[in-house]
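Asker: Handing you this structure, nothing more for now.
Values in this text are rule-based calculations from the coordinates and carry no lab data. All figures in this text were calculated on a predicted structure; none of them were measured in a lab. Virtual Cβ from ideal backbone geometry, glycine too; neighbours counted across all protein chains shown.
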Amino acid sequence: MQSTQSSHSTHHDPSSSSASNVSSLAGTRPPRVLWQSPRFRLWMWGLPLLVFIGIAIVGPMIVEYNAVQVNITARLEPPGAVLTDGSRAWLGTDQVGQDVFAQLIQGARVSLLVGAATILIAGFIGLVTGVAAGFRGGWVDTVLMRLADIQLAFPSILLAILIAAVLGPSVVNVILALALTRWVTFSRVARAATLAAKERDYVLAARAMGAGSWRLLLHHIVPSTIAPLIVITTVEVGLVIIAEASLSYLGLGTPPDQASWGRSVANGRDYLNNAWWIATMPGIALSLVVLCIGVFGDRLRDYLDPRL
Amino acid sequence: MSHYLVKRVGYSLFVLWGALTIIFLAIRLAPGDPAAMMIGPSGTQEDIEALRERLGLDESIPVQYGRYLSDVIQMDFGESLWLNRPVASEVASRVAATARLAGAAAAIGLSVSFPLGIIAALKRGSLLDAAISVASLLGQSVPSFWLGIMLILVFARQFQILPSAGSSGWSHLILPSITLAMPLIGVLTRLIRSGLLDVLHDDYVRTARAKGLHPRVVLARHAMRNMLIPVVTIVGLQLGTLLGGAVIVETVFGWPGVGRLLIDAIYQRDYPLVQVAILFITASFILINLLVDLSYGLLDPRIRVQ
């Protein structure tokens, strides 16, 4: 497959053959074994993410958890302890006898939900405003980009803290607060992609053939913004998940009766002397998920644009 | 240069005005009565009315906005509801602690990420490069509130060699500043690595090498200087992120800075204090970005002309 592709390009397309010469000079050879192939390198990190998504969706249906239940006989049991009812608490229990593992599973759902919903909303606002600014130009562009500049004057977690504090703790409010602080990046990327696409030959050709503005937008401009938006999504979703956990840690995110990783770490902070596992376990889960997203994002960029 | 200066300062003032307006709107237009929220569920109707009048919340929104802007220009921010002291002096008394924390974190961040990024770029593709790149991604992935608690767990509780809270001596500064520096180290190391890799392929670097200059001279005199220009911008932006991160790190370590004051004010529903603390952090961020922009103009004369 690899060799037929390269021989094909040397015969028919001189520009791409010179491009492949340049890349071989830079030291990138075509992969010979499976674990060197870009697709494998991508999915090696995508797979743990799929596992996380699966656990977040299915886990709470299997593992029983009741956020307000108190089990005094099983307080502060260390990881691996056998409880009085014969069950085993693999990751220990917290100060009211809740199973830490069950809390983790429940928290995974909140992280995934907030991450996905925030990215969808912020991405949609960013796509619409960015394409509008890039395609229309003029005052629309000026107003939207000045607004973006003003918003970027806030450290983003600060604006999220302000909005979440005013709205009060709830999952929907966290999503709102984070979407309002995150649309700007999507908007700028969509605008840049639109500006680039506007000057491409196929768009000029479509325009010359009499395509209307809406047709140009929906068939040519918007599709060209999707790939760059997906790439920054992988950066942004990690930031959003950390921001949700930070807000919940401060008590401004999820409400008290809803388990989330940030809230669990905050609970564990008061029990560091005798129950280190309460604060430690959710943080490990959080770091691993965000790390996998980060490496997956890097690999996705390599995969979509091998020249970089 | 002076034209460039005036333009940049003017734009920063515009952005500051916009930020002031967003803070005003976020607090005034939130669902519910801000006065009732500040008093809490225990207050009577008379208490709420009295507070509305005291804060001028009984006026129309445009009148409130006009008064708010004129108060800000006169640097008159009113009194804290919770501490019964002028909010401006309350924030001012916390500035030094935040500056010390952010300064220490920036120093740690820069002094660790430059060597790491340069080594990774020079040894591109090696095991060391891979290790540095995983470590820097990890630095960005670990949430700082949790990293802080883990450092407390290990160094304050387990080994008892460093204090977990307070701010009296140098030893108190170590854990919070490392916590705050960690994401910065992650971002900068990656940035310096890719920035250096970009310029190492440029013609002038090849020329410098071809004429037989020592690799260290090529690196220091040719490659590093050109790599610095994009890096300085990101450093400026990251310093702002540092101020945001300080809010969380100060809360974890009980560090008496502006960030912790902000979170305490939120818990106390002290909106005048919340407003000023956020305003102060944002204004500092805008000022840092302005200084970065100006130094960018100094570093690269081409920018001033545009």
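Asker: Could I have the simple spin-label model distance between B:Ser93 and B:Ser171, label points 7 Å from Cα toward Cβ, reported in nm to one decimal?
Answerer: 2.7
Asker: Here's another thing I want to ask about it. Give the average, rounded to an integer, of partner chain Cβ atoms located within 10 angstrom of each Cβ in B:133-144.
Answerer: Whole-number average of other-chain Cβ neighbours for B:133-144 is 6.
Asker: Between A:Gln95 and residues 5 or more places away or on another chain, which pairs have amide H atoms under 5 Å apart, with H built 1.01 Å from N, and which residues are they?
Answerer: Excluding prolines and chain starts, which carry no amide H, the hits are A:Leu76.
Asker: Treating cross-link reach as a plain straight distance, find the aspartates and glutamates whose alpha-carbon is under 17 Å from the alpha-carbon of B:Lys123, omitting any fewer than eight places away in the same chain.
Answerer: B:Asp198
Asker: Once you list every other residue whose beta carbon is under 12 Å from the beta carbon of B:Leu101, what net charge do they have if Lys and Arg are +1 and Asp and Glu are -1?
Answerer: After counting each charged neighbour, the total is +2.
Asker: Ok, one more. Show which aspartates and glutamates lie in cross-link reach of B:Lys7 when reach means a straight Cα distance below 20 angstrom and same-chain residues fewer than eight apart are skipped.
Answerer: Straight-distance partners of B:Lys7: A:Asp141, A:Asp149, B:Asp293, B:Asp300.
Asker: Kirkwood-based Rg over Rh for chain B (C-alpha set), two decimals?
Answerer: Rg/Rh for chain B comes to 1.06.
Asker: So, R0 is 45 Å and r is the distance between the beta-carbons of A:Ser87 and A:Arg39; what FRET efficiency does that work out to, to 0.05?
Answerer: That gives a FRET efficiency of 0.60.
Asker: Please arrange B:Met38, B:Met150, A:Met61 by counting, for each residue, the other beta carbons lying within 10 Å of its beta carbon, fewest first.
Answerer: With the sparsest Cβ surroundings first, the list reads A:Met61, B:Met150, B:Met38.
Asker: While we're looking at this one, here's another question. Ranked from highest to lowest mean number of other Cβ atoms within 10 Å per residue, what is the order of the peptides A:219-226, A:112-119?
Answerer: Sorting A:219-226, A:112-119 by mean packing, highest first, produces A:112-119, A:219-226.
Asker: If you consider only alpha-carbon coordinates, what radius of gyration and Dmax does region A:38-304 have, in Å?
Answerer: For region A:38-304, the Cα radius of gyration and maximum Cα-Cα distance read 22.1, 77 Å.
Asker: What are the radius of gyration and Dmax of the protein assembly as shown, computed over its Cα atoms and given in Å?
Answerer: For the protein assembly as shown, the Cα radius of gyration and maximum Cα-Cα distance read 26.4, 87 Å.
Asker: Same structure again: For every other residue with a beta carbon closer than 10 angstrom to the beta carbon of A:His220, add +1 if it is Lys or Arg and -1 if Asp or Glu, then tell me the sum.
Answerer: So the surrounding residues net to +4.
Asker: Then there's this: Excluding same-chain residues fewer than 8 positions from B:Lys211, which aspartates and glutamates have a Cα within less than 15 Å of its Cα?
Answerer: B:Asp202, B:Asp203
Asker: Just to confirm a number: summing +1 for Lys and Arg and -1 for Asp and Glu over residues other than A:Met209 whose beta-carbon lies under 15 angstrom from that of A:Met209, what do you get?
Answerer: Local charge sum for A:Met209: +2.
Asker: If amide H atoms are built 1.01 Å from N in the plane of the peptide, which residues on other chains or at least 5 residues away come under 5 Å of the amide H of B:Glu79?
Answerer: Hits under the 5 Å cutoff: B:Val87.
Asker: Shifting gears a bit: Debye sum, Cα scatterers, region B:75-201, no solvent: what log₁₀ I/I(0) at q = 0.11, 0.14, 0.18 1/Å?
Answerer: Debye output, listed in q order: -0.54, -0.75, -0.98.
Asker: Separate question: What does the structure give for A:160-169 when I average, per residue, the other chain Cβ atoms found within 10 Å of the residue Cβ?
Answerer: 6
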